[in-house]
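Taking it in order: structure first as structure tokens, then the write-up.
The values are calculated or read from the model by the stated rules, or taken from the named source; none is laboratory data. Just so you know, these numbers come straight off a predicted model, no measurement behind them. Here the Cβ positions follow ideal geometry from the backbone for every residue, glycine too, while neighbour counts run over all protein chains shown. We work out accessible area using only protein heavy atoms, side chains counted, and drop any ligands, DNA or RNA first. Shrake-Rupley method; radii C 1.70, N 1.55, O 1.52, S 1.80 Å.
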Amino acid sequence: MVEKDTIRLLRECDAGVKMGVSSINDVIDYTDSDELNKILEKCRAEHNKLDDEIQMHLKRFDDEGKEPNPMAKGMSWMKTNMKLMMHESDKTIADLMTDGCNMGVKSLNKYLNEYEAADEYTKDITKRLINLEEQLAIDMRGFL
């Protein structure tokens, strides 16, 4: 049971970190503020670093991980592009990123509770990803 929950939780972290990087990539070229751009670049780098750790752990279980849900990714992309077409601004970007962070935190906490038999290392990865998302949402407040 520990191994199954560990793999399942790692897969959700894998999908979550990929979704986060994809969302940052979708908006970063539209930033006006150098400060906002730096925050997003730093967060993307931290997500990529965590993704490397997730990939190493998945390889231990001979698992390929999980891609974000294509429907969720597509809907996110559409929402982002529609909002940016209507009003391209740092405020819009901050709003989009805050919504995404909140959804990520909610999902990851749900999976953390659902896969409670996962090993402590994987739970720690999940908590660090949750903290990254929470911190990004806090960092976005000054741009809302």
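Assorted remarks:
- Per the listing G65, G100, the residue uniquely surrounded by 13 or more Cβ atoms within 10 Å (Cβ to Cβ) and at positive phi is G65.
- Evaluation of K91 against (1) open to solvent by 70 Å² or more (accessible area, probe 1.4 Å); (2) within 30 Å of A117 (Cβ to Cβ); (3) in a helix (DSSP H, G or I) (one fails), failing number: (2)
- For the range 103-125, the set of residues classified as part of a helix (DSSP H, G or I) and open to solvent by less than 40 Å² (accessible area, probe 1.4 Å) consists of G104, V105, L108, L112, T122, K123, I125, listed by residue number.
- Residue pairs meeting the criteria (Cβ under 6 Å; at least 6 apart or on separate chains; first open to solvent by 10 Å² or more (accessible area, probe 1.4 Å), in the range 7-27; second part of a helix (DSSP H, G or I) and of a type in the set (F, W, Y)): E12/Y111
- Annotation for the range 77-91: no member residue is modelled with pLDDT under 95 and closer than 29 Å to K4 by Cβ.
- Cβ pairs under 7 Å, 6+ apart, first in the range 53-70 and at pLDDT 90 or above and among the aliphatic types (A, V, I, L, M), second surrounded by 16 or more Cβ atoms within 10 Å (Cβ to Cβ) and not in a helix (DSSP H, G or I): L58/G65
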